[in-house]
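What follows is a single structure, written as structure tokens, with notes after it.
The values are calculated or read from the model by the stated rules, or taken from the named source; none is laboratory data. Predicted model, so just to flag it, every value in this text is computed and none were measured. So basically every Cβ, Gly included, is an ideal-geometry build from the backbone, and we count neighbours across all protein chains shown.
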Amino acid sequence: MKQTLLFITSVLFLATSLHGQLILTSADYFPAVGDTLRTAVDNAPVGIVLTAPGGNQSWNFSSLQSGFTQERIVRDPAEGEVSGSYPGATALLEQAGGGEGYYVGNSTSFAIVGYAGTDPLMQGLQINAPFDPPYVERWAPLAFFDLRNHQSALTLAVATQDIPGNLFGNLPITPDSIRVRVNTTRTDLVDGWGTLTIPGGVYDVLREKRTEYREVRLDAKVGSFPWTDITDLALAALPIDQLGVDTLVTYSFWSDEAKEPIAVITTNSMGNEVVSVEYKSNNIVNSVRELNRAQPRVYVYPNPALIYARFEFTNLPAGNYYLELYNLVGRPVWSKQYYIDGYLLDKVNVMQLQKGIYIYVLRDEKGNRILANRLLVTTP
């Protein structure tokens, strides 16, 4: 009798805990040709709390705000510039830097199989590279407690003469070719469900935590000698921030009411501090811009800056740019050169600057000023 009561109690508890949960199928939330994905990004979010795992939660992100909406149309892959390289692709999606992402969608996954655009080291080289195996962005069916492990890789080899500038001049060797290897290992866990409020809407959602370890390594080839890993040499001698190992922790909120993620929280590498939030834009009339057609902009946050200031460059044609800082008497105090193709985010240490007001100026490679604005530094 006791065992029967225990069994009934367990069943009732399980039924109660599962009530209201979503189970998302591929038809519910995978993008399809003809869909338009509208999102906005808050790079200085306030009041976003990373709650503990669990069900029946209520998240309030109504404080999110952004100056504009990014719009991406899911296109037929045949419209892509390198569509012949990915004959099995079922969708084409523009990537953040203006490149092309070729995807394959089926009943269990939506994955990018190939990328054409700016190289992973952001050195201005246009590439066309497959992911092997494909990099899965969405899973189906998706339910609470789902746990998946995933690995993917991208490898690219190019002749050094094809890379703009004299990037490898400081190396102790003179390579004929360079090979970039990007390996990712990821754990995806659906650790929560509930309702999420964002500007303009309330949604039933599943929360998926993703922890990704990304390693970018560099190989060199000289003459007939085999490929040699030069990552450690390059880290010491070259201005390439993308090399090495990085940890990316995100929380994605998925719903059957939208093809966009309702929100994606990006945290620091420890996973305990919210850095930015991308969210579904419900304002489809005001300030809607396609990624490649918007005006060039630079967003700086935090501003005032105490230790670091993040400079987010958006909608810039591919090319070399110069960011300069001037004090109030017009004397230059800092500058840095970037190659930007559409989008770039850089974290600048301002501890070496004295407390005060500075003017940041962005110029193109011809020295023409694109924009200027104020930065307040509050170092001790």
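The table below lists the values:
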{"read-out": "Any hit, region 50-58, residues being more than 24 Å from ASP146 (Cα to Cα) and not basic (Lys, Arg)", "value": "no"}
{"read-out": "Some residue of region 87-97 being closer than 25 Å to PHE313 by Cα, in contact with a helix residue (DSSP H, G or I) (Cβ under 8 Å, 6 or more places away or on another chain) and modelled with pLDDT of 95 or more", "value": "yes"}
{"read-out": "Unmet criterion (only one of (1) small (Gly, Ala, Ser); (2) outside the structural domain of THR118 (by TED's automatic domain parsing); (3) touching a residue at least 24 places away in the same chain (Cβ under 8 Å)) for ALA372", "value": "(3)"}
{"read-out": "Residue count, region 181-202 (criterion: of a type in the set (A, V, I, L, M, F, W, C), under 18 Å from PHE145 (Cα atoms) and either within 22 Å of the chain's Cα centre (by Cα) or not assigned by TED's automatic domain parsing to the domain that holds ILE262 (or both))", "value": "2"}
{"read-out": "The lone exception for THR247 - which of (1) without any contact (Cβ under 8 Å) to a residue 60 or more places away in the chain; (2) at positive phi; (3) in contact with a strand residue (DSSP E or B) (Cβ under 8 Å, 6 or more places away or on another chain) it fails", "value": "(2)"}
{"read-out": "Condition met for GLY88 (small (Gly, Ala, Ser), in contact with a strand residue (DSSP E or B) (Cβ under 9 Å, 6 or more places away or on another chain) and surrounded by fewer than 18 Cβ atoms within 10 Å (Cβ to Cβ))", "value": "yes"}
{"read-out": "So TRP227, is it within 23 Å of THR39 (Cβ to Cβ) and among the hydrophobic types (A, V, I, L, M, F, W, C)", "value": "no"}
{"read-out": "Subset of region 169-178 [touching a Lys or Arg at 6+ places or on another chain (Cβ under 7 Å) and either surrounded by 18 or more Cβ atoms within 10 Å (Cβ to Cβ) or in a strand (DSSP E or B) (or both)]", "value": "PRO175, SER177"}
{"read-out": "Counted residues, region 245-256 - those being out of contact with any helix residue (DSSP H, G or I) (no Cβ under 6 Å at 6 or more places or on another chain) and surrounded by 15 or more Cβ atoms within 10 Å (Cβ to Cβ)", "value": "7"}
{"read-out": "Where a residue in region 225-238 is of a type in the set (Gly, Ala, Ser) and its partner, wherever it lies, is surrounded by fewer than 14 Cβ atoms within 10 Å (Cβ to Cβ), with Cβ under 9 Å and at least six apart", "value": "ALA237/ASN170; ALA237/PRO172"}
{"read-out": "Residues within region 319-354 that are hydrophobic (A, V, I, L, M, F, W, C) and either modelled with pLDDT of 90 or more or buried (at least 16 other Cβ atoms within 10 Å of the Cβ) (or both), tallied", "value": "9"}
{"read-out": "Matching residues in region 205-256 - criterion: being part of a loop (DSSP other than H, G, I, E, B) and hydrophobic (A, V, I, L, M, F, W, C)", "value": "VAL222, PHE225, TRP227, ILE230, LEU238, ILE240, LEU243"}
{"read-out": "Any hit, region 21-34, residues being outside the structural domain of SER252 (by TED's automatic domain parsing), at pLDDT below 80 and not hydrophobic (A, V, I, L, M, F, W, C)", "value": "yes"}
{"read-out": "Pick from region 277-304, criterion modelled with pLDDT of 90 or more and in a strand (DSSP E or B), ranking: nearest to VAL49 (Cα to Cα)", "value": "VAL277"}
{"read-out": "Breaking point among (1) closer than 27 Å to LEU316 by Cα; (2) in a loop (DSSP other than H, G, I, E, B), for VAL113", "value": "(2)"}
{"read-out": "Any chance THR266 is surrounded by 15 or more Cβ atoms within 10 Å (Cβ to Cβ) and touching a strand residue (DSSP E or B) at 6+ places or on another chain (Cβ under 7 Å)", "value": "yes"}
{"read-out": "Residues (surrounded by 15 or more Cβ atoms within 10 Å (Cβ to Cβ) and in a loop (DSSP other than H, G, I, E, B)) located in region 68-81", "value": "PHE68, VAL74, GLY80"}
